[in-house]
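Encoded as structure tokens, the structure appears first; notes follow it.
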Amino acid sequence: MPHAPGPVPPQAPAPASRLRRLATPVGVMAAVVGAFGYVATVDPNEPGHYPVCPMLRFTGVFCPGCGGLRSAHAFAHGDLVTALGSNAVAVVGYVAFAAVWLAWTVSASRGRPLRIELRPVHWWAVGAVLLIFSVVRNLPFGSALAP
């Protein structure tokens, strides 16, 4: 009498190829490059190309994002001084994104997940920096931070 095979033990999935692991970070960077390419081509300093910030339009107050497109345009053209003058927080964001993306790409290429665990205190600190930036750029002594 033939022996009936027992249950087949589950097998671990085959490890993904390096190309497959890098697909998502490369895709995200392609989208960012495309967005920066568009903003570099379509100048936000010329009226009519982009919508006006609703907060600025209705209150006359600069929000933390005001000047962000002009900053991205200048950054894409390599004009760091103008980019910082348009929105310094946005430039810090570009650099932070580049650092996180690089760490993500290196981790993905090694087959490891990227773990960035921010505690609530970190999120509160980011919010406080944005709030302080918003308030100071709208005061007379902080006019250098206004776009």
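The values are calculated or read from the model by the stated rules, or taken from the named source; none is laboratory data. Here the structure is a predicted model, which is why all the values come from computation and not from measurement. Quick reminder, even Gly has a Cβ in these numbers, built from the backbone with ideal geometry, and neighbours come from all protein chains shown. What goes into the accessible areas is simple: the full protein's heavy atoms, side chains included, and nothing from ligands, DNA or RNA. Shrake-Rupley method; radii C 1.70, N 1.55, O 1.52, S 1.80 Å.
Below are the figures for this structure:
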item: Count of residues meeting criterion [more than 22 Å from the chain's Cα centre (by Cα) and of a type in the set (Phe, Trp, Tyr)] in region 30-55; result: 0
item: Test: residue in region 77-88 that is under 20 Å from Tyr38 (Cβ atoms), open to solvent by less than 50 Å² (accessible area, probe 1.4 Å) and not hydroxyl-bearing (Ser, Thr, Tyr); result: yes
item: Test set (1) in contact with a Leu (Cβ under 9 Å, 6 or more places away or on another chain); (2) surrounded by 17 or more Cβ atoms within 10 Å (Cβ to Cβ) - Cys53 fails condition number; result: (1)
item: Every pair of residues 6+ apart whose Cβ atoms lie under 8 Å, when the first sits in region 105-128 and is at negative phi while the second is of a type in the set (Phe, Trp, Tyr); result: Leu114/Trp104
item: Odd one out for Glu117, checked against (1) loosely packed, with under 11 Cβ neighbours inside 10 Å; (2) touching a helix residue (DSSP H, G or I) at 6+ places or on another chain (Cβ under 8 Å); (3) modelled with pLDDT of 90 or more; result: (2)
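Rundown of residues vs (1) on the phi < 0 side of the Ramachandran plot; (2) touching a Pro at 6+ places or on another chain (Cβ under 7 Å); (3) not hydrophobic (A, V, I, L, M, F, W, C), yes/no style:
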position: Gly68; (1), (2), (3): yes, no, yes
position: Ala74; (1), (2), (3): yes, no, no
position: Val89; (1), (2), (3): yes, yes, no
position: Tyr94; (1), (2), (3): yes, no, yes
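Every residue, every condition in (1) closer than 20 Å to Val126 by Cβ; (2) touching a helix residue (DSSP H, G or I) at 6+ places or on another chain (Cβ under 7 Å), yes or no:
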position: Ala30; (1), (2): no, no
position: Ala35; (1), (2): no, no
position: Thr41; (1), (2): no, no
position: Met55; (1), (2): yes, no
position: Leu69; (1), (2): no, yes
position: Ala76; (1), (2): no, yes
position: Thr82; (1), (2): no, yes
